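Undergrad: Have a look at this one before I ask anything.
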Amino acid sequence: MPMAGSRRVLILGGTQEAVDLATRLNAEQGLEVITSFAGVTQNPRLPRGETRSGGFGGADGLATYLREEGVAAVVDATHPYAASISLNAADAGKATGVPVLHLTRPAWEMRDGDVWQLAGGPAEAAAWLNASALPDGAGVLLTTGRSDLAAYRAVRRLRLIARVVETPNPECREMLDRLIQDRGPFTLDAERRLMIDNQVACLVSKNSGGTASYPKIEAARELGLPVVMIRRPAPPPGLCVPSVADVASWLENLA
């Protein structure tokens, strides 16, 4: 990789793409790859190479880190909904002159048989559930993560089933009919069985993209269930690419 001076690459991680990228780049001779995690998820999947955990202190803190550590390039491979981190990366790159690339997996698109209700956020999703024609006591499978659960306390007449990686706080646990702690990837058969066994009548999901959690969308389609799909935030400013291979090519072309 023809990079002048420093050979340090900082990956802002938290996704499978970040793990795959770190594995690929660590095989390159002469590269120093650091993968950073926000520290929100316990026991995240760790890639090969050096890792760090915890925030930087906003864009200014990240800019300081880039200067002090002599980072030559930043790859933002965070979750598509981690908007603030992506913005901080873009701002830190502008402040330091360090090139920043955003690795953003393509969003899912509706297919024949899908019944999606788009929502701008969890509060809008909760309002739709309350106003929907779903019968009282119908099961709703929430798969949007622990941090969004509080918004669904406003849902009064439906059974809420949440699947999360990390344990939610007690107030959120009390509102749930069932809590499932599990980490993907999931299979279509498992997702179909989960929805049938729990008498799920509606799925709530973020449009995360990728393959690891897509089987829930396929299962909902097969079962004819509506999906409340949380829209993605606006893409971060700067260059965005959809794949690990594109990131590798970008790094190869850096002077």
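Undergrad: For segment 211-225, indicate whether the set of residues that are touching a Lys or Arg at 6+ places or on another chain (Cβ under 7 Å), open to solvent by less than 70 Å² (accessible area, probe 1.4 Å), among the β-branched types (Val, Ile, Thr) and not in a loop (DSSP other than H, G, I, E, B) is non-empty.
TA: Within segment 211-225, not a single residue is touching a Lys or Arg at 6+ places or on another chain (Cβ under 7 Å), open to solvent by less than 70 Å² (accessible area, probe 1.4 Å), among the β-branched types (Val, Ile, Thr) and not in a loop (DSSP other than H, G, I, E, B).
Undergrad: Look at Ser36 and say whether it is part of a helix (DSSP H, G or I) and not β-branched (Val, Ile, Thr).
TA: no
Undergrad: Read through the list (1) modelled with pLDDT of 95 or more; (2) touching a Lys or Arg at 6+ places or on another chain (Cβ under 6 Å), then give the number of the only condition that Arg67 fails.
TA: For Arg67, the exception is condition (2).
Undergrad: Another question about this same structure. Being closer than 18 Å to Trp128 by Cα and either in contact (Cβ under 8 Å) with a residue 24 or more places away in the chain or loosely packed, with under 15 Cβ neighbours inside 10 Å (or both) is the filter here; which residues of segment 160-174 pass it?
TA: Residue satisfying the conditions is Ile161 alone.
Undergrad: Check off (1) in contact (Cβ under 8 Å) with a residue 60 or more places away in the chain; (2) open to solvent by 20 Å² or more (accessible area, probe 1.4 Å); (3) more than 23 Å from Glu124 (Cβ to Cβ); (4) out of contact with any helix residue (DSSP H, G or I) (no Cβ under 6 Å at 6 or more places or on another chain) for Ala190 and give me the number that stays unchecked.
TA: (1)
Undergrad: Mind telling me which of the residues Leu141, Leu118 ends up being buried (at least 22 other Cβ atoms within 10 Å of the Cβ) and within 24 Å of the chain's Cα centre (by Cα)?
TA: Leu141
Undergrad: A follow-up question, please. Which condition from (1) of a type outside the set (Ser, Thr, Tyr); (2) touching a residue at least 12 places away in the same chain (Cβ under 8 Å); (3) more than 25 Å from Asp197 (Cβ to Cβ) is the one that Met110 breaks?
TA: (2)
Undergrad: Right, another one. Among the listed residues Leu46, Leu87, which satisfies the condition of being closer than 24 Å to Gly209 by Cβ, in contact with a Phe, Trp or Tyr (Cβ under 9 Å, 6 or more places away or on another chain) and open to solvent by 30 Å² or more (accessible area, probe 1.4 Å)?
TA: After applying the criteria, what remains is Leu46.
Undergrad: Restricting to segment 22-36, name every residue that is modelled with pLDDT of 80 or more and open to solvent by 20 Å² or more (accessible area, probe 1.4 Å).
TA: Answer for segment 22-36, where residues must be modelled with pLDDT of 80 or more and open to solvent by 20 Å² or more (accessible area, probe 1.4 Å): Thr23, Arg24, Asn26, Leu31, Glu32.
Undergrad: Search segment 123-138 for residues being open to solvent by less than 50 Å² (accessible area, probe 1.4 Å) and in contact with a Leu (Cβ under 8 Å, 6 or more places away or on another chain), and hand back the single one that is farthest from Gly238 (Cα to Cα).
TA: Top of the filtered list is Gly137.
Undergrad: Do we find that Gln199 is without any contact (Cβ under 8 Å) to a residue 24 or more places away in the chain and open to solvent by 50 Å² or more (accessible area, probe 1.4 Å) in this structure?
TA: The answer is no for Gln199.
Undergrad: Same structure again: Looking only at segment 70-119, how many residues end up being touching a strand residue (DSSP E or B) at 6+ places or on another chain (Cβ under 8 Å), of a type in the set (A, V, I, L, M) and closer than 30 Å to Val227 by Cα?
TA: Residues meeting the conditions: 7.
The values are calculated or read from the model by the stated rules, or taken from the named source; none is laboratory data. Keep in mind the model is a prediction, meaning the values are calculated, not measured. Here Cβ is always computed from backbone atoms with ideal geometry, including for glycine, and neighbour counts include all displayed protein chains. When the accessible area is computed, the model is the full protein with side chains, heavy atoms only, and any ligands, DNA or RNA have been set aside. Shrake-Rupley method; radii C 1.70, N 1.55, O 1.52, S 1.80 Å.
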